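Report on the following structure.
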Amino acid sequence: MIRVLLVHDLCLIRSALADRLAKEPDLEVHQAAWRGASRRAGALRPQICVADLDCEENYGMPPLHDLHAGTPGSALLVLATTGRPGLLRRAAEANALGYVDKAGPVEQLLTGIRRVAQGQRFVDESLGFGFLQAAQNPLTRREFSVLSLAAEGASVAEIARSLHLSNGTVRNYMAAITRKTGARNRVDAIRISQGAGWL
């Protein structure tokens, strides 16, 4: 029996998918929203956490590291789309073993769960291009730090204090971020970066 924790923020979709997966005789399925998923995983100790990469909180960035750290010994399989390649990269950084396209049939997910349960990597073929795009994040680590703080609403002065930089250096980073993302301004750069899944 494979114990699975399904993590998805949309209750109706999560419940329907959990019900479908539970019909499989070799799966024991539990479910949780992202808020509280780490606690639930810690209590259940699932073999596999199946996690949707779209998260209603945290600027749409799922806390994959928290989920994975709370369940040592469990594998991570993510539900993704090619439209947000940065999230694929985040999943890879969190050591996800499986990647399933949310637009695919449920049979793909079942295959992914069973392969990951055997310790094998599973990557849905349709996500290949998304992985190529994920490698194309144009921002440096420092630019990412500046943009992350800006997305949280920090002013130039607050970002400078937080990162031990001068105000002028922060402005230069913001100009580079705006140029690299093809944005018109700071707000547009945040929107573009979030849409691509880089932020």
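The values are calculated or read from the model by the stated rules, or taken from the named source; none is laboratory data. Values in this document were obtained by computation on a predicted structure and should not be read as measured data. Please note: Cβ atoms are built from the backbone with ideal geometry, for glycine as well, and neighbour counts cover all protein chains shown. Accessible surface areas use protein heavy atoms only, side chains included; no ligands, DNA or RNA. Shrake-Rupley method; radii C 1.70, N 1.55, O 1.52, S 1.80 Å.
Odds and ends about this structure:
- Extension gain for the segment Arg184 to Glu93, taken as residue separation times 0.36 nm less the Cα-Cα distance, is 29.8 nm to one decimal.
- Using a cutoff of 8 angstrom between alpha carbon atoms and counting only pairs six or more residues apart, the relative contact order for segment 1-126 works out to 21 percent.
- Protein accessible area in the chain, 1.4 Å probe - carbon and sulfur %: 52 percent
- Accessible surface for the chain, divided over its residues, is 50 Å² per residue with a 1.4 Å probe.
- Largest to smallest accessible area among Lys180, Lys23 [probe 1.4 Å]: Lys23, Lys180
- In terms of its Cα atoms, the chain spans 61, 33, 29 Å along the principal axes, sorted from long to short.
- Length-normalised contact order for segment 91-183 - Cα pairs under 8 Å, 6+ apart - percent: 21 percent
- Residue of Ile48, Ile13, Ile177 that the Gaussian network model of the chain assigns the largest fluctuation, springs spanning Cα pairs under 10 Å: Ile13
- Approximating the spin labels as points 7 Å out from Cα along Cα→Cβ, the Leu110-to-Phe144 distance works out to 3.7 nm.
- Amide H partners (placed H, <5 Å) of Asp101, local residues excluded: Ala80, Asp124
- Taking each DSSP H run with n ≥ 4 as -39500 (n - 2.57) and averaging over every residue of the chain yields -14500 deg cm²/dmol at 222 nm.
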